[in-house]
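Visitor: First the structure, which I've put down as structure tokens, then a few questions once you've had a look.
A short reminder: the numbers here are calculations on the coordinates, not readings from a lab. All values derive from a computational prediction rather than experimental measurement. Cβ coordinates were reconstructed from backbone atoms using ideal geometry, including for glycine residues, and neighbour counts include every protein chain displayed.
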């Protein structure tokens, strides 16, 4: 028996359908072709970006968690009589580099873009040197700890960010890593030694993940690329050391004071009266209990995420570099100036001064 001739679906439809129906089918096919072409373009762009990130990961995965060591200069030390030593602690988080905050949408309250971010980052690192050299007297600084605590880039985890950011995320990483390296070098030139503990934020997550993951949070984040690239770029500078681990939180001492550094997106604000405080204090209590059960004491918690500069007896919450934005304005949040947290830590008294560095 001979095989029947193949039937062309489009010919069959247009041969039997009235002229109006044929036109509808044709228009539908045209739309589907355009949608298909658009989907293929998006897929191709995503594949290109993934390939770029994979190449970066292959290049900078050379920095292993085993490389991370607390340098000797932040360990407890005996000091001579009348010789006062200290270590500065700067938290750099929620920089949201390459995000664009539109001046007109903000009603003139705030503006942010790449050029403004570069000026504000310069103001922060220069401000740290000015504050510690002109407003803190009578101490010799052994160095500075720069806590990189997440949301360094704003990323494109939301569609509106992908549309309005200064550049695609891989291009943003390539632009900002050398500038962050320059900032750390400047601090090393002024403080002699710099130690950099690194933790990721929620904006650092892979945009293909709908939520910040609990498993492999650090290694799957864009912050992992930024931090490892920074460490690799500065590997030849013996004054600068890094602590990059697969844990979303780090615990480390500065002299005898123990700090717990984590981004702060692990809990939600309770809202209403008290705002952030009830949820935060419950979370910090749970963290204290967890580490105490392992024989570990925590004296201070370092948090970012909330874009509010807050200090308390056992916590420092950081501000942001971008300042007040469209989301905060629409949500009716209180105005917050762009600033970062600075503290002075001594061997005898722990944290003796806390101050914001205005950007």
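Visitor: Could you list the square roots of 5 times each eigenvalue of the Cα gyration tensor of region 106-237, that is, the equivalent ellipsoid semi-axes, sorted largest first and rounded to whole Å? All intermediate terms of the calculation are to be shown ahead of the outcome.
Guide: Details: eigenvalues 164, 76, 35 Å².
Equivalent-ellipsoid dimensions as semi-axes: 29, 19, 13 Å.
Visitor: Of 139, 177, 196, which has the largest mean-square fluctuation in a 10 Å C-alpha GNM of the chain?
Guide: Of 139, 177, 196, the Gaussian network model singles out 139 as fluctuating most.
Visitor: Then there's this: Taking the Cα centroid of region 102-140 and of region 249-294, what is the distance between the two, rounded to the nearest whole Å?
Guide: Answer, in whole Å: 27.
Visitor: For a paramagnetic label modelled at 7 Å from the Cα of residue 326 toward its Cβ, which residues of region 88-111 fall within the zone defined by backbone nitrogen distances under 17 Å?
Guide: 96-111
Visitor: Nearest 5 percent is fine: what portion of the DSSP beta bridges confined to region 82-156 is antiparallel?
Guide: Numbers: 1 of 10 bridges.
Counting DSSP beta bridges with both partners in region 82-156, the antiparallel share is about 10 percent.
Visitor: If r is the Cβ-Cβ distance from residue 29 to residue 111 and R0 is 41 Å, what FRET efficiency results, to the nearest 0.05? Walk me through the numbers before you get to the answer.
Guide: Numbers: r = 47 Å, r/R0 = 1.14.
Step by step, r from the Cβ atoms, then E = 0.30.
Visitor: Tell me the label-point distance for the pair residue 337, residue 291, using the 7 Å Cα-to-Cβ offset, in nm and rounded to one decimal.
Guide: The two pseudo-label positions are separated by 3.0 nm.
Visitor: Right, here's the next one. Just grab the label-to-label distance for residue 40 and residue 314, each label 7 Å out from Cα along the Cβ direction, in nm (one decimal).
Guide: Taking the simple label geometry, residue 40 and residue 314 are separated by 6.1 nm.
Visitor: Region 27-41 to region 147-200: how many Å between their Cα centroids?
Guide: 38
Visitor: Another question, then. For every helix of n ≥ 4 consecutive DSSP H residues, a contribution of -39,500 (n - 2.57) applies; sum these over the chain, divide by its total residues, and give [θ] at 222 nm rounded to the nearest 500 deg cm²/dmol. Display every interim value, and only then the final one.
Guide: Working: 8 runs with 135 residues, N = 359.
Only helices count here, giving -12500 deg cm²/dmol.
Visitor: Rank 203, 84, 260 by mean-square fluctuation in a GNM of the chain with C-alpha springs under 10 angstrom and give only the top-ranked residue.
Guide: 84
Visitor: Here's a follow-up. Report the relative contact order of region 70-358, percent, no decimals, based on alpha-carbon pairs under 8 angstrom and at least 6 residues apart. Present the calculation step by step, with values, prior to reporting the outcome.
Guide: Numbers: 586 pairs, mean separation 67.7, N = 289.
Answer for region 70-358 is 23 percent.
Visitor: Students often check this: by mean Cβ neighbours within 10 Å, which of 318-328, 126-136, 147-157, 291-301 ranks highest, and how do the rest follow?
Guide: Numbers: 318-328: 22.5, 126-136: 15.9, 147-157: 26.1, 291-301: 13.8.
For the peptides 318-328, 126-136, 147-157, 291-301, the packing ranking is 147-157, 318-328, 126-136, 291-301.
Visitor: Moving to a separate point now. Quick one: compute a quarter of the convex hull surface over the Cα atoms of the chain and quote it in nm². Write down the numbers at each step before the final one.
Guide: Values: hull surface 111.0 nm².
For the Cα atoms of the chain, the hull's average projected area reads 27.8 nm².
Visitor: Averaged over every viewing direction, what's the projected area of the C-alpha convex hull for region 188-261? Give it in nm², one decimal, please. Mind dumping the intermediate values first?
Guide: Details: hull surface 23.2 nm².
Over all viewing directions, region 188-261 projects a mean Cα-hull area of 5.8 nm².
Visitor: So, one more: Among 44, 311, 140, determine the one that fluctuates most according to a GNM of the chain built with springs between C-alpha atoms less than 10 Å apart.
Guide: Its mean-square fluctuation being the largest, the pick is 44.
Visitor: Could you tell me whether region 191-350 comes out rounded, prolate or oblate from its Cα gyration tensor? Rule is a ≥ b ≥ c as square roots of the eigenvalues, rounded for a/c under 1.5, then prolate if a/b exceeds b/c, otherwise oblate. The partial results should precede the final answer.
Guide: On the way: a/c = 1.41, a/b = 1.16, b/c = 1.22.
Rounded shape, in that the Cα axes give a/c under 1.5.
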